[in-house]
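> Mind looking over this structure? Questions follow.
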Amino acid sequence: MKKPAPSYETQDVREFAEVIRGRRTINLYLHTPIPADLVRDAIEAATWAPNHHVTEPWRFYLFGKETIERCLDLVYEIVLENKDEKKAAFKRQSWSEKPGWLLVTCKRSEDALLQQEDYGACCAAVQNLLLYLWKLGIGSKWTSGPITRDPRLAEIAGYDPDEEFVVGLIWFGYPKVTPEQARKPLDEVLSVLP
């Protein structure tokens, strides 16, 4: 018996598209704890991202309270070094309201092409993670600000910066506010070639 052609108008497809289109960067979170098993499931789903030669170049560092406190001290120091105490205190306070912290790194390679492919794979893994969390009602923010390039972060997180580099610091939690957003029309970003 011949299988019918797949339908692209199924509820599953529409719901999946809604998750992709609906995901937002969240800056304000509720203080409701996220169950640890949900976070572990999201990280496991993230590892199914495409990666050339199955290199699995990603590494995940889930921060507990002590590590978060050390990061808050570090961001205070970074801002203080470049601005003033008031701004440093504000940044520390605002970051202290982020309930979940996950650092994602990529293994380094001496092969420039492999490094580029591995970084792309890690970015795909982060997107998997963010979409999985969003489907669970958990918001996130992928940041790559100055703290992610500061060598003191490697010491705090316990990775070797000669072996790995930061793809991003992911904050996550239940959203307090979900912002609206739009995208350019497809005709502005798509070229159909003969």
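> Of all residues in the range 133-160 being over 22 Å from Cys123 (Cβ atoms) and without any contact (Cβ under 8 Å) to a residue 40 or more places away in the chain, which is surrounded by the most Cβ atoms within 10 Å (Cβ to Cβ)?
We begin by selecting, within the range 133-160, every residue over 22 Å from Cys123 (Cβ atoms); these are 137, 151-152, 155-156, 158.
Imposing the further condition that a residue be without any contact (Cβ under 8 Å) to a residue 40 or more places away in the chain reduces the set to 137, 151, 155.
Details: Gly137: 10, Pro151: 7, Glu155: 12.
Among those residues, the one meeting the criterion is Glu155.
> Can I ask one more? Pick from the range 64-100 the residues that are in contact with a strand residue (DSSP E or B) (Cβ under 6 Å, 6 or more places away or on another chain) and within 14 Å of Lys141 (Cβ to Cβ): which of them is surrounded by the fewest Cβ atoms within 10 Å (Cβ to Cβ)? Even if it seems obvious, please write down each step before you answer.
So in the range 64-100, the residues in contact with a strand residue (DSSP E or B) (Cβ under 6 Å, 6 or more places away or on another chain) come out as 68, 98-100.
Restricting the remaining residues to those that are within 14 Å of Lys141 (Cβ to Cβ) gives 98-100.
Details: Lys98: 23, Pro99: 17, Gly100: 22.
Only one residue tops the list, namely Pro99.
> I would also like to ask the following. State whether one or more residues within the range 142-164 are out of contact with any Gly (no Cβ under 6 Å at 6 or more places or on another chain) and closer than 24 Å to Glu15 by Cβ.
No, because not a single residue in the range 142-164 is out of contact with any Gly (no Cβ under 6 Å at 6 or more places or on another chain) and closer than 24 Å to Glu15 by Cβ.
> Also, I was wondering about something else. Restricting the first residue to the range 161-178 and requiring it to be of a type in the set (Lys, Arg), which pairs with a second residue that is assigned to a strand (DSSP E or B) meet a Cβ separation below 6 Å and a spacing of at least six or different chains?
Lys176/Tyr29
> Sticking with this one: Go over the candidates Gln181, Gln127 one by one and state the one that is surrounded by fewer than 17 Cβ atoms within 10 Å (Cβ to Cβ), over 23 Å from Lys65 (Cβ atoms), touching a residue at least 60 places away in the same chain (Cβ under 8 Å) and within 16 Å of the chain's Cα centre (by Cα).
Gln127
> Moving on. Of everything in the range 12-32, what is under 18 Å from the mean Cα position of the chain (by Cα) and either more than 18 Å from Glu180 (Cα to Cα) or in a loop (DSSP other than H, G, I, E, B) (or both)? Give them in sequence order.
From the range 12-32, those under 18 Å from the mean Cα position of the chain (by Cα) are 19-29; that's our starting set.
Scanning the range 12-32 gives Arg23, Arg24, Ile26, Asn27, Leu28.
> Among the residues of the range 55-76, what is the count of those that are within 21 Å of Pro146 (Cβ to Cβ) and either free of Cβ contacts under 8 Å to residues at least 12 places away in the same chain or in contact with a His (Cβ under 9 Å, 6 or more places away or on another chain) (or both)?
Here the count works out to 1.
> Scan Ala89, Ala124, Ala182 and give me the residue that is modelled with pLDDT under 95, among the small types (Gly, Ala, Ser) and at negative phi. Talk me through it step by step, then tell me what you get.
On the way: Ala89 fails: modelled with pLDDT under 95; Ala124 fails: modelled with pLDDT under 95.
Ala182 is the lone residue from the list that is modelled with pLDDT under 95, among the small types (Gly, Ala, Ser) and at negative phi.
> Can you say whether Thr105 is of a type outside the set (A, V, I, L, M) and part of a helix (DSSP H, G or I), as far as the supplied structure shows? Before the answer, list the steps.
Numbers: of a type outside the set (A, V, I, L, M): yes; part of a helix (DSSP H, G or I): no.
So Thr105 fails the test.
> I would also like to ask the following. Consider Asn51 against the criteria (1) over 15 Å from the mean Cα position of the chain (by Cα); (2) surrounded by fewer than 17 Cβ atoms within 10 Å (Cβ to Cβ); (3) polar (S, T, N, Q): it satisfies all of them except one. Which criterion is unmet?
(2)
> Residue check: is Phe60 closer than 18 Å to Ala154 by Cβ and either in a loop (DSSP other than H, G, I, E, B) or not small (Gly, Ala, Ser) (or both)?
Details: closer than 18 Å to Ala154 by Cβ: yes; either in a loop (DSSP other than H, G, I, E, B) or not small (Gly, Ala, Ser) (or both): yes.
Spelling it out, Phe60 is indeed closer than 18 Å to Ala154 by Cβ and either in a loop (DSSP other than H, G, I, E, B) or not small (Gly, Ala, Ser) (or both).
The values are calculated or read from the model by the stated rules, or taken from the named source; none is laboratory data. What you are looking at is a predicted structure, and each value in this text was computed from that prediction instead of being measured. Here the Cβ is made from the backbone with ideal geometry for all residues, glycine too, and neighbour counts use every protein chain on show.
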